[in-house]
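*Asks:* I'd like to ask some things about the structure below.
The values are calculated or read from the model by the stated rules, or taken from the named source; none is laboratory data. All figures in this text were calculated on a predicted structure; none of them were measured in a lab. A quick note on method: Cβ atoms are made from the backbone with ideal geometry, for glycine too, and the neighbour counts reach across all protein chains shown.
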Amino acid sequence: MPFVTLNPATNQLIHTHPSWDSPHLESVLEKSGHAQHVWAQTSFSARAGILRKVAAQLLAQRDRYATLITLEMGKPMREARAEVEKCAGTCEYYARNGEEFLRTETIESDAAKSYVAYDPLGVVLAVMPWNFPFWQVFRAAVPALMAGNAVVLKHAPNVPKCALAIEAVFRDSGLPENVFTNLMIEVGQVAEVIGCSHVHAVTLTGSEAAGRKVAACAGQYLKKCVLELGGSDPFIVLHDADLDLAVSTAVTSRFLNCGQSCIAAKRFILVPQIADEFLRRFKTAVEALKLGDPMLEDTQIGPMARPDLRDTLHRQITDSISQSAVAVTGCKPVEREGFFYQPSILDHVTSQTRAYHEELFGPVAIVIRAASEDDALRLANETRFGLGSSIWSRDVARAEQLASYIQAGCTFVNGMVKSDPRLPFGGIKSSGYGRELSRLGIHEFVNAKTVWIR
């Protein structure tokens, strides 16, 4: 069955791509396995040199790649450019630090000599989503490649041109053939890839449902798995917060990429002293956002990526309103071509409403009113998700203390949750397990091998 890609801003057909059959897939995976054995013998300096060339090409062709992102999934152009730049920065980061992260560690023991060596695992399957079609791939692939692994990519079906462009970037920068390969396969073929003897590990960024399936399949074959899944990040505003800073950051965090981000602030948990004032300012700022053609420089809100995503979001909203939540602004699809949804705020969300329990993957902020500071922390943790979180207070020491009680992979104090190659990234609970980026990320797909010599 071919992949059919629609422009989410116009609902017009962009292109179709045929999918592969099983014999072709098996042949490609076998070639990846052979290529990885050769790649693992290369020096760290050689790998770093290729990553630097990748970074240079990303920057030189930034606008071309950004246009692909915008056409296929609707991200505003200025955000798409920033995504490409972030990929280049991550290539540079691992080119500088990868060798040090994987340096053999001498350990004192009863041996004459003992140490831990970090060897690549082999071929890593990367199952990646559409919402950051370049960044999610580079975030997973770059440390894996620097460690000496090969990577095969199963990208989302609505961004095939992005997937092919990424493959071409690595190839044109001198990465040996078959060390990074884009697989034009359907979702139903992922289990076949995980079970293949040439594949040794899998990393997935995606939905909770997809994570459960991939984890179960990887477990069946006893293969290493890293999962970065959904999130419903709390944004806790305490009584002494800088409201100007908190509100401006709230708008950026919730509505970046049309709200289609796992680590976007989604649940705005407000204590009584500032709740009404925060909401007043927040509403004004949200209503000022410019929605329109994502190719235009001044557009802040583009379309959602697919019509089914918009329809699911609207059902979540209408169900929540029927369960006593209050529409502050928006909360409706936009009557125009494309898959647009109004920037929205839903107030008085409680445990009796659908929006309280589910991730809203679109431009809708939900407000949850806490009875106190302690209640705000309880509400922050009363979710099956645990990806990111933030606390807003002028008492930084107190906020840092409270951060230790939040159940999440990261907590930012007076700042927007974001991924940074210098810091480990990932979640707990239903937001997944394992870490990407930093020293921890590159260690996920290596064999920490003990060597003991009499």
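*Asks:* Could you grab the pairs with beta carbons closer than 6 Å, sequence gap of 6+ or different chains, first residue in region 58-86 and among the polar types (S, T, N, Q) and at pLDDT 95 or above, second one in a helix (DSSP H, G or I) and buried (at least 17 other Cβ atoms within 10 Å of the Cβ)?
*Replies:* Close Cβ pairs (under 6 Å, with a partner that is in a helix (DSSP H, G or I) and buried (at least 17 other Cβ atoms within 10 Å of the Cβ)) amount to Thr70/Met77; Thr70/Ala80.
*Asks:* Looking at region 256-286, which of its residues are aromatic (Phe, Trp, Tyr) and either buried (at least 23 other Cβ atoms within 10 Å of the Cβ) or over 18 Å from Leu379 (Cβ atoms) (or both)? Don't jump to the end; show me each part of the working.
*Replies:* To start, the set of residues in region 256-286 that are aromatic (Phe, Trp, Tyr) comprises 268, 278, 282.
Within region 256-286, Phe268, Phe282 meet the criteria.
*Asks:* Out of all the residues in region 272-295, which are within 15 Å of His348 (Cβ to Cβ) and either under 24 Å from the mean Cα position of the chain (by Cα) or not in a helix (DSSP H, G or I) (or both)?
*Replies:* Across region 272-295, the qualifying residue is only Pro272.
For (1) in the same structural domain as Ala246 (by TED's automatic domain parsing); (2) touching a helix residue (DSSP H, G or I) at 6+ places or on another chain (Cβ under 6 Å); (3) buried (at least 16 other Cβ atoms within 10 Å of the Cβ), each residue gets a yes or a no:
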| residue | (1), (2), (3) |
| --- | --- |
| Gln300 | yes, no, yes |
| Asp311 | yes, no, no |
| Val334 | yes, no, yes |
| Pro343 | yes, yes, yes |
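*Asks:* Still on this model: Within region 260-294, work out how many residues are touching a strand residue (DSSP E or B) at 6+ places or on another chain (Cβ under 8 Å), over 16 Å from Glu83 (Cβ atoms) and either touching a residue at least 40 places away in the same chain (Cβ under 8 Å) or small (Gly, Ala, Ser) (or both).
*Replies:* Initial filter on region 260-294 (touching a strand residue (DSSP E or B) at 6+ places or on another chain (Cβ under 8 Å)): 262-272, 274-275, 278-279, 282-283, 286-287, 289-292.
Remaining after also requiring over 16 Å from Glu83 (Cβ atoms): 265-272, 274-275, 278-279, 282-283, 286-287, 289-292.
Filter again for either touching a residue at least 40 places away in the same chain (Cβ under 8 Å) or small (Gly, Ala, Ser) (or both), leaving 265-272, 275, 278-279, 282-283, 286-287, 289, 291-292.
Of the residues in that region, 18 qualify.
*Asks:* Checking Glu337 against (1) part of a helix (DSSP H, G or I); (2) more than 23 Å from the chain's Cα centre (by Cα), which single condition isn't satisfied?
*Replies:* Failing condition for Glu337: (1).
*Asks:* Could you pull out the residue among Pro8, Pro2, Pro18 that is crowded, with 16+ Cβ neighbours inside 10 Å and either of a type outside the set (Asp, Glu) or under 17 Å from Glu186 (Cα atoms) (or both)?
*Replies:* Values: Pro2 fails: crowded, with 16+ Cβ neighbours inside 10 Å; Pro18 fails: crowded, with 16+ Cβ neighbours inside 10 Å.
When all the criteria are applied, what remains is Pro8.
*Asks:* For region 410-426, how many residues meet the condition of being on the phi > 0 side of the Ramachandran plot and out of contact with any Cys (no Cβ under 9 Å at 6 or more places or on another chain)? Before the answer, list the steps.
*Replies:* Initial filter on region 410-426 (on the phi > 0 side of the Ramachandran plot): 414, 426.
Within this subset, residues satisfying the condition of being out of contact with any Cys (no Cβ under 9 Å at 6 or more places or on another chain) are 414.
Counting residues in region 410-426 that are on the phi > 0 side of the Ramachandran plot and out of contact with any Cys (no Cβ under 9 Å at 6 or more places or on another chain) gives 1.
*Asks:* Sticking with this one: Which of the residues belonging to region 296-314 are over 24 Å from the mean Cα position of the chain (by Cα) and without any contact (Cβ under 8 Å) to a residue 24 or more places away in the chain?
*Replies:* Asp298
*Asks:* For residues that are assigned to a loop (DSSP other than H, G, I, E, B) and closer than 24 Å to Val271 by Cβ, scanning just region 315-334, find the one that is nearest to the chain's Cα centre (by Cα).
*Replies:* Keep residues of region 315-334 that are assigned to a loop (DSSP other than H, G, I, E, B), which gives 323-325, 330-332, 334.
Restricting the remaining residues to those that are closer than 24 Å to Val271 by Cβ gives 323-325.
Values: Gln323: 31, Ser324: 32, Ala325: 29 Å.
Looking at the filtered set, the residue picked out is Ala325.
*Asks:* Could you tell me which numbered condition Tyr433 fails, if it satisfies all but one of (1) crowded, with 22+ Cβ neighbours inside 10 Å; (2) assigned by TED's automatic domain parsing to the domain that holds Glu92?
*Replies:* (1)
*Asks:* Step by step: first the residues of region 211-230, then only those that are in contact with a Leu (Cβ under 8 Å, 6 or more places away or on another chain) and in a loop (DSSP other than H, G, I, E, B), then the one that is surrounded by the most Cβ atoms within 10 Å (Cβ to Cβ). Which residue is that? Step through it out loud before you land on a result.
*Replies:* Going residue by residue through region 211-230, those that are in contact with a Leu (Cβ under 8 Å, 6 or more places away or on another chain) are 211, 214-215, 224-230.
From the residues that got through so far, the ones that are in a loop (DSSP other than H, G, I, E, B) too are 229-230.
Details: Leu229: 27, Gly230: 23.
The selected residue is Leu229.
*Asks:* Could you go through region 94-108 and let me know if any residue there is assigned to a strand (DSSP E or B) and buried (at least 21 other Cβ atoms within 10 Å of the Cβ). Talk me through it step by step, then tell me what you get.
*Replies:* Start the filter on region 94-108 by keeping residues that are assigned to a strand (DSSP E or B), which leaves 105-106.
From what's left, buried (at least 21 other Cβ atoms within 10 Å of the Cβ): none.
No: zero hits.
*Asks:* I need the full set of residues from region 198-212 which are more than 16 Å from the chain's Cα centre (by Cα) and without any contact (Cβ under 8 Å) to a residue 12 or more places away in the chain, in order please. Steps first, please.
*Replies:* Of all residues in region 198-212, those more than 16 Å from the chain's Cα centre (by Cα) come to 198-201, 212.
Residue satisfying the conditions is Arg212 alone.
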